[in-house]
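Colleague: Have a look at the structure that comes next, please.
Readers should treat all values here as calculations from the given coordinates under stated rules, not as data from a laboratory. Just so it is clear, the model here is predicted, and its values are computed rather than measured. Glycine gets a Cβ as well: all are built from the backbone with ideal geometry, and neighbour counts include every protein chain shown.
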Amino acid sequence: MSILFLHKYNISDLQETKKLSEKLGELLTPRDIVTFSGNLGAGKTTFVKFLIQSIVKQEIPVTSPTFNLVQIYETKKFPIWHFDMYRLRDSDEVFELGYEEALSEGVSLIEWPEKMQEFLPKDRLDVIIKTVDVNKRVIEFIPHGEWKNRTPKQG
């Protein structure tokens, strides 16, 4: 198992979150699913923003797709589908958002995955973000399926 997934990380500032998201970005390949769970304001969208920016190699605007439920970012490597399921009324609605297309061609980053739990594949990475106080977070990686065998690039 990769060292990235062996620990819970105690994060005390945004720079540490950014570094951790960059490490994760190095591992992503088409058809990957990464879920993000945590309370409102825990930092899910911030982590996703840093992750997407690390893949496109520039500081592009990344906002929470809370109202449109999905935002697609085209990159040189693969399309990134950023889902926010917070406002999902029924889990079947994920298919109206292009979920099947996202699973077949891009990387899916899913906030509030508990709203669609029955449609999550066994091969995925769950990222749990817990608020300790205003500036401190605990970020935990829980790999499932083939994610247990991923290792970060050296260097």
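Colleague: Mind listing the long-range amide H neighbours of VAL70? Cut-off is under 5 Å, sequence gap 5 or more, other chains count too, H placed in the peptide plane at 1.01 Å from N.
Modeller: Correct list: ASP84.
Colleague: What relative contact order, as a whole-number percentage, does the stretch 30-135 give when Cα pairs under 8 Å and 6 or more residues apart are counted?
Modeller: Relative contact order here is 44 percent.
Colleague: Let me ask you something else. Please list, ordered by chain and number, the residues whose modelled amide H lies under 5 Å from the amide H of ASP123; skip anything fewer than 5 residues away on the same chain.
Modeller: So ASP123 has HN proximity to no qualifying residue.
Colleague: Sticking with this one: How many Å³ per residue does the convex hull of the Cα positions in the stretch 50-155 occupy?
Modeller: 146
Colleague: While we're looking at this one, here's another question. Projecting each Cα onto the charge dipole of the stretch 30-135 (Lys/Arg +1, Asp/Glu -1 at the beta carbon, about the Cα centre), which of LEU109, TYR86, PRO61 comes out farthest on the positive side?
Modeller: Farthest along the dipole direction, towards plus: PRO61.
Colleague: Could you sort the peptides 46-54, 13-21 by per-residue average Cβ neighbour count (10 Å cutoff), highest mean leading?
Modeller: 46-54, 13-21
Colleague: Place a +1 charge on the Cβ of each Lys and Arg in the stretch 30-135 and a -1 charge on the Cβ of each Asp and Glu, then give the dipole magnitude about the Cα centre in debye, rounded to the nearest 20.
Modeller: Magnitude of the dipole: close to 440 debye.
Colleague: Find the lysine pairs in the stretch 30-135 meeting two conditions, Cα atoms under 24 Å apart and a separation of 8 or more places or different chains, and report how many there are.
Modeller: 16
Colleague: Given R₀ = 35 Å, what would the calculated FRET efficiency be for GLN58 paired with ASP90, taking r from the Cβ atoms and rounding to 0.05?
Modeller: On the way: r = 37 Å, r/R0 = 1.05.
That pair, GLN58 with ASP90, gives E of 0.45.
Colleague: Along the stretch 106-118, what does the Karplus equation 6.51 cos²θ - 1.76 cosθ + 1.60 (θ = phi - 60°) give for ³J(HN,Hα), rounded to whole Hz, x for Gly and Pro?
Modeller: After applying 6.51 cos²θ - 1.76 cosθ + 1.60, I find x, 9, 10, 10, 10, 8, 6, x, 4, 6, 9, 3, 5 Hz.
Colleague: Count the DSSP beta bridges whose two residues both fall in the chain, then state the antiparallel fraction as a percent rounded to the nearest 5.
Modeller: For the chain, the DSSP antiparallel bridge percentage is about 55.
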